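Reviewing the structure listed below.
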């Protein structure tokens with residue numbers, strides 16, 4: 001014979017309600033949605049999120065040694081090669097031997113790469129605008145400041161903060 005069960009009645013301070021509104025869980029759930037939307041914006045431009053990151057790094061730095069891309073992105077050299085090959089085949093980046101050191105490959109953004117990055121950046125901005133549509137300008141600025149404070153608070157030093165952001169940007 002089974003013992004009688006007592007029906008569970010919701011309480012005003014239920015564990016599930018508390019967890020549904022916890023900042024950490026909300027951040028994780030919203031982060032998943034943000035990653036999906038940003039990934040969709042990038043893939044609509046035939047880019048993987050890491051390739052978008054490469055184009056952005058090359059734009060910001062005016063070109064980098066392939067080894068520097070590996071270090072900045074914190075990935076294995078073989079990963080960089082598999083990301084660069086299609087970008088080079090599509091004419092978005094150029095790889096050349098460094099005339100000063102033939103062992104180094106210099107990677108630069110082409111004019112077509114600049115245009116492609118601008119288009120993909122606009123798509124990303126559109127995705128972000130849709131994601132944050134419920135917030136006014138001041139709230140968006142406040143959210144950005146809070147997220148930066150969280151990022152900085154989690155970092156042991158500025159370099160690991162950049163690594164954490166780079167890991168996040170990779171979406172996986």
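The values are calculated or read from the model by the stated rules, or taken from the named source; none is laboratory data. Since the model is a prediction, treat every value here as computed from it, not as a measurement.
Within the group 68, 138, 152, 90, which residue is over 22 Å from residue 35 (Cα atoms) and modelled with pLDDT under 95?
On the way: 138 fails: modelled with pLDDT under 95; 152 fails: over 22 Å from residue 35 (Cα atoms); 90 fails: modelled with pLDDT under 95.
Criteria check complete, one pass: 68.
Kindly evaluate residue 62 against the criterion of being at pLDDT below 95 and at positive phi.
Numbers: at pLDDT below 95: yes; at positive phi: yes.
Taking the combined requirement at face value, the residue satisfies it.
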